[in-house]
Amino acid sequence: MAKKMNAKEAREHKRKEQQAKHAASRRQQVEMNQQKQQMTQKPAVKGDHGADDGLPTVEKQLKRVHGHAQSFPPVRRSDHPAAKSKDILFDGFTLEITALSPLHLGSGRADVNVDAEVVHDRAGLPYFPGKRLKGLIYESALEVLEMSLLAGLDFFSEEDLAELFQHDVQSETQLTVPNLHLKMAETADEMERDWLYLQERYPDLVSSQDVLSLYTSLRYQTMIDRETGTAAETSLRNIRVVDEGLVFCGTVRLKGGTRKKLKILAMALRNLSQAGMKRNRGFGRISCAMLQQGKDIREVLVDEALKGGKA
C-alpha cells in the first residue's frame, strides 16, 4: 500500500510541475503575441493597391510561393545509405516518417483535460493513420504533377496517378498504406502487448494516459483580442502533440508495381513536408524515407525522374 501511495504522490508532484511549466509557457506566449500584435502592420483592405497589383497572375503566385518557401528549412536528407538503382524492388518498401517538429494527428476527440487529442491505440501509443497518410501522399503527388506541367516537364500523367491510387480507374495496381507505428527496439505488437500487460497487472500505477504522456506533450494557445491586444477571455485551449524527433514506420505494399509507379511515390514523398493540424503555428513538419533492406531508395528514384522528365 505504501508503494502505491508513494507512486501517487510522485505523479501528483509531476502533475503540479507540468501545470507550473504550462502556466509559464502561457504567460510567455501571451507576451510574444502582444509584441507581434504591436509590430504587425494594418492589413490591406479590398480596393487597396499593393506592390503586386501590376504583376500578372502567374507571377503573383510564384512570388507568394517563393515567400512561403523562405519560411521553411531545407528538406532533411535521409540518414540511411542510398540504394543502388539496380537493386530496387517494385513490390513495396518500408516507409519512415520523422517528426521534425511537434505533430498533431487529431483523433477528433476531447475530454475535460485535453481539447484536441491525438490518435493512439488502446495501450496509449500514438500512431500515424494509414488512410490519412495515403490521402496526403495522393495530394502531394497532385502538387508534383501540377508543378511539372507548369515547368514543362514530363514526370507522369493524370492517368498514371489515377491508376496508382485507383481513382475511378480499373487497375491491377494495389497500393496499401498501413498505420505507421513508433519505431522502437521492440515491434509495435510487442510494445502494445507489454504495455497492456503492465496496465492490467498494475492498474493503479500504469494507465494508457501515462503511456501516451511518454511520447506526447500538451501545448496551450490563446486568441488575442485585437482591441485590447491581450488574451481574449475564455479562449485558452490546449492540444496534445506528438513530440519532435519520434519516428513512425510501416511497410507499404505495391501490388503490380513498376519503376514508374515507385518514382511517383518517391516524388510525392519527397514533396510531402507537412502533416496534421496547426501547421501555421510551426507544427507538423515531417521528413519521409523509403527503405529497402535498410537503404534509402527515394533519392535514387527522384534523381532518375528528374533526369528523365526533361522536355
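Since every read-out is calculated from the coordinates, none of them should be taken as a lab result. This one's a predicted model, so the numbers in the text were calculated from it and none came from an experiment. Positions of Cβ are backbone-derived with ideal geometry, glycine not excepted, and every protein chain shown enters the neighbour counts.
Show the residues, 5+ positions off or on another chain, whose built amide H is closer than 5 Å to the amide H of residue 118.
Counting only residues 5 or more places away or on other chains, the set is 107, 240.
Classify segment 268-311 as rounded, prolate or oblate from the Cα gyration tensor: take a ≥ b ≥ c as the square roots of its eigenvalues, call it rounded if a/c is under 1.5, otherwise prolate when a/b beats b/c and oblate if not.
Because a/c hits 1.5 or more and a/b fails to exceed b/c, segment 268-311 counts as oblate.
Nearest 5 percent is fine: what portion of the DSSP beta bridges confined to segment 79-308 is antiparallel?
Values: 33 of 35 bridges.
DSSP beta bridges in segment 79-308 are roughly 95 percent antiparallel.
Which order do the peptides 113-120, 193-200 come out in when sorted by mean C-beta neighbours inside 10 angstrom, highest first?
Highest-to-lowest ranking by the protection proxy: 113-120, 193-200.
What number comes out for the charge environment of residue 294, summing +1 per Lys or Arg and -1 per Asp or Glu over other residues with Cβ under 12 Å away? Spell out each step's value before the answer.
Numbers: positive: 295; negative: 79, 87, 96, 296.
Neighbourhood net charge equals -3.
Between residue 82 and residues 5 or more places away or on another chain, which pairs have amide H atoms under 5 Å apart, with H built 1.01 Å from N, and which residues are they?
For residue 82, the qualifying residues are 296.
For a quick check: with amide H placed at 1.01 Å from N, whose amide H comes under 5 Å from residue 101's, ignoring anything fewer than 5 positions away on the same chain?
Answer set, sorted by chain and number: 245, 284, 285.
Within a Cβ distance under 10 Å of residue 177, other residues only, what is the Lys/Arg minus Asp/Glu net charge? Could you put the intermediate results ahead of the total?
On the way: positive: 131, 132, 134, 253; negative: none.
Computed value for this residue: +4.
For segment 79-308, what is the number of Lys pairs with C-alpha distance below 20 angstrom, counting only pairs 8 or more positions apart or on separate chains?
Lysine pairs meeting both conditions in segment 79-308 amount to 29.
Is the shape of segment 108-222 best called rounded, prolate or oblate, per the rule: a/c under 1.5 gives rounded, else a/b larger than b/c gives prolate, else oblate, with a ≥ b ≥ c the square roots of the Cα gyration tensor eigenvalues?
prolate
For residue 83, what charge total do you get from the other residues with a beta carbon under 11 Å from its beta carbon, if Lys and Arg give +1 and Asp and Glu give -1?
Here the charged neighbours net out to +1.
Using a/c under 1.5 as the rounded threshold, could you call segment 79-308 rounded, prolate or oblate? The axes a ≥ b ≥ c are square roots of the C-alpha gyration tensor eigenvalues, and prolate needs a/b larger than b/c, oblate otherwise.
Taking the square roots of the gyration eigenvalues as a ≥ b ≥ c, segment 79-308 is oblate.
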